[in-house]
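Asker: First the structure, which I've put down as structure tokens, then a few questions once you've had a look.
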Protein chains: 4
Amino acid sequence: MVPKFLRTIAGSGNGRHTFPIRVYFEDTDFTGLVYHANFLRFIERARTEMLRELGFHQGAIHAGESGDALFFVVARMQLEFLKPARMDDLLTVETRPLKITAATIELEQIVRRATEILFTAKVLIAALADGKPRRLPREIREKLALGAAPHKS
Amino acid sequence: MVPKFLRTIAGSGNGRHTFPIRVYFEDTDFTGLVYHANFLRFIERARTEMLRELGFHQGAIHAGESGDALFFVVARMQLEFLKPARMDDLLTVETRPLKITAATIELEQIVRRATEILFTAKVLIAALADGKPRRLPREIREKLALGAAPHKS
Amino acid sequence: MVPKFLRTIAGSGNGRHTFPIRVYFEDTDFTGLVYHANFLRFIERARTEMLRELGFHQGAIHAGESGDALFFVVARMQLEFLKPARMDDLLTVETRPLKITAATIELEQIVRRATEILFTAKVLIAALADGKPRRLPREIREKLALGAAPHKS
Amino acid sequence: MVPKFLRTIAGSGNGRHTFPIRVYFEDTDFTGLVYHANFLRFIERARTEMLRELGFHQGAIHAGESGDALFFVVARMQLEFLKPARMDDLLTVETRPLKITAATIELEQIVRRATEILFTAKVLIAALADGKPRRLPREIREKLALGAAPHKS
């Protein structure tokens, strides 16, 4: 499903976006740790904020306010759960683009507690309209490719 | 917000709907107990199943397949959290209509583990279309008023 | 279940705590609106942050780091769902103590989008240790009674 | 993190476990589809039920009722989101062991709607006790290796 001709972002090391997450009751389970699926909620919030900082509001994009109704879907993920997180932890999600093609974005997302890496994900995002694959808006691709996010870390 | 002239269901004692819920990891929190807000997910599933058994599929109703797009919203709730539930518990949600008006349904919902009552709710449901209050379909009101659900307990 | 002799907080109008919530994908449902039970997650985060600002970290309290293992549970709620919230909305949760007794705290919590009130809750919190009701730590009661939170609105 | 000497299950094709999932409001998001992270909740429920059918109740295992406190954690996942699921859909999770080692279980989990494949996962599970890797109980390994689940499909 990964397109053949992928354009690697030069200097993607500069394009990191970071977003803080606090762990609440709702995120934990009876083992005392964060429930594994909730890491996906955390990194989805970070992607939403990264897009927002680039000027893309997904509620509005989906509603078609900036042209056609469009939304981004997760097509593929590789996840490593390395260490547990716990109630009250303050985590950081770091997101950086790995590859951008006409219709997909591949991101790396890392969740840390201070310097400790708890979780890593490679996430392939595709754009859909009317349930069909769709070219990503050029503006999104260009901004992401530039090493996009305003927060640098 | 509760309409003035409420029609009490005669024989609502017969119209109980019961629905089983298994407690999974996702439902618990780090205290070892079911996270309180998840009781609302449990009783919402039971309402969805009660409507389904009456012939109303909310996905389809919302999509406007049976006329106009319509959906049910929770307008008000009174909740009592009496005893905790835990991982692996098998619970039962009992739902019965208390009052039905042109635009609202008031339900009582009780969550039990065997005979023990863990949680009770009074739930006021309203129907909306285009964001505005809307008469409930007559068929739903009549079926609920009859002591609706196929499972009797 | 509400204790008989309740002490009303003088000047509770001053003791408001406010906390911002951003609405993400995970919070919405297929009707396009925030799923009703998620308002309970939002206001629970606000309670956790209010306690944290008063110096009480629930993960640590539960682990018994400051004495006995203790945790707070929701005993009762009255909820009004007045207007819907949507993807990307920036909400504010305002929390203020209504009544504090030896073993319970009654709070009012209001969720707003700008000045618009979307949701209100009265929440009765009890303290438990070993599954039994337990006096609240004096320090928590005193700080809450003083009109507690550092953020004033 | 995958142990070097992996024992492939002979005849794992026979050891499929199937579990039904109904899609409710709580599972969907504002795009009208099931929120991607909720597929992880669905397949976790199926793993819990597969273990239950083999005689292992995770609440009890975690509480140390059958010896030492032990729990299973997800260490790694590869996920493919192929087609969307929607409100009211009735899905099936099929789970089968791929490889079993002293301390890990690798599973394949497939979510279908009728015959259509919506989602596939490879899931690496590890056992922990006191936060450290731990040999899986022999009984679990043997039952899984036999082509474990009572439901055959």
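Throughout, read-outs are computed from the coordinates displayed, never taken from laboratory work. Given the structure is predicted, the values throughout are model-derived calculations rather than measurements. Here the Cβ is made from the backbone with ideal geometry for all residues, glycine too, and neighbour counts use every protein chain on show.
Asker: Taking every residue in C:78-87, how many Cβ atoms of other protein chains lie within 10 Å of its Cβ, on average?
Answerer: Across the residues of C:78-87, the mean count of other-chain Cβ atoms within 10 Å is 5.
Asker: Separate question: Calculate one ³J(HN,Hα) per residue across the stretch D:40-46 by plugging θ = phi - 60° into the Karplus curve 6.51 cos²θ - 1.76 cosθ + 1.60, and present them in order as whole Hz with x for glycine and proline.
Answerer: 6, 5, 4, 6, 5, 4, 5
Asker: Just report the Cα centroid separation between the stretch C:37-74 and the stretch B:49-94, whole Å.
Answerer: So the separation of the two Cα centres works out to 29 Å.
Asker: Could you line up B:HIS17, C:HIS57 from fewest to most neighbouring Cβ atoms inside 10 Å? All intermediate terms of the calculation are to be shown ahead of the outcome.
Answerer: Numbers: B:HIS17 26, C:HIS57 15.
Lowest count first: C:HIS57, B:HIS17.
Asker: Can I ask one more? Let's see if you can work this out: charge +1 on each Lys and Arg Cβ, -1 on each Asp and Glu Cβ, no other charges. What is the dipole magnitude of the stretch D:7-143 about its Cα centre, in debye to the nearest 20?
Answerer: That gives a dipole near 500 debye.
Asker: Please compute, for peptide B:18-29, the average count of beta-carbon atoms on other protein chains lying within 10 Å of each residue's beta-carbon.
Answerer: Partner-chain Cβ atoms within 10 Å, mean over residues of B:18-29: 6.
Asker: Please average, across the residues of D:40-46, the number of beta carbons from any other chain that are within 10 Å of each residue's own beta carbon, and give a whole number.
Answerer: Rounded to a whole number, the mean comes out at 5.
Asker: Please list, ordered by chain and number, the residues whose modelled amide H lies under 5 Å from the amide H of D:THR101; skip anything fewer than 5 residues away on the same chain.
Answerer: D:GLU106
Asker: Show the residues, 5+ positions off or on another chain, whose built amide H is closer than 5 Å to the amide H of C:THR28.
Answerer: C:TYR35, D:PHE30
Asker: With r defined as the distance between the Cβ atoms of B:THR115 and A:GLU139 and R0 fixed at 60 Å, what FRET efficiency is calculated, to the nearest 0.05? Each step should come with its number before you reach the end.
Answerer: On the way: r = 61 Å, r/R0 = 1.02.
Between B:THR115 and A:GLU139 the formula returns 0.45.
Asker: Please turn the phi angles of the stretch D:55-60 into ³J(HN,Hα) values with the Karplus equation 6.51 cos²θ - 1.76 cosθ + 1.60 (θ = phi - 60°), one per residue in order, whole Hz, x for glycine and proline.
Answerer: The phi angles translate into x, 10, 9, 5, x, 5 Hz.
Asker: Report the per residue volume, in Å³, of the convex hull enclosing the C-alpha atoms of the stretch C:7-145.
Answerer: Details: hull volume 15.8 nm³, N = 139.
Per-residue hull volume (Cα only) is 114 Å³.
Asker: Something else now. Set the bar at 23 Å for Cα to Cα. Now go through A:LYS99/D:LYS99; A:LYS122/A:LYS143; B:LYS122/C:LYS143; C:LYS83/C:LYS122; A:LYS132/D:LYS122; B:LYS99/B:LYS143 and name every pair that lies beyond it.
Answerer: Those over the limit are A:LYS99/D:LYS99; B:LYS122/C:LYS143; A:LYS132/D:LYS122.
Asker: Another question, then. If Lys and Arg each add +1 and Asp and Glu each add -1, what is the summed charge of the other residues whose beta carbon sits under 15 Å from the beta carbon of D:GLU108?
Answerer: Its environment carries a net charge of +3.
Asker: Another one. Using a Förster distance of 35 Å, how high is the FRET efficiency between D:VAL73 and A:HIS57, based on the Cβ-Cβ distance and rounded to 0.05?
Answerer: Numbers: r = 36 Å, r/R0 = 1.02.
Between D:VAL73 and A:HIS57 the formula returns 0.45.
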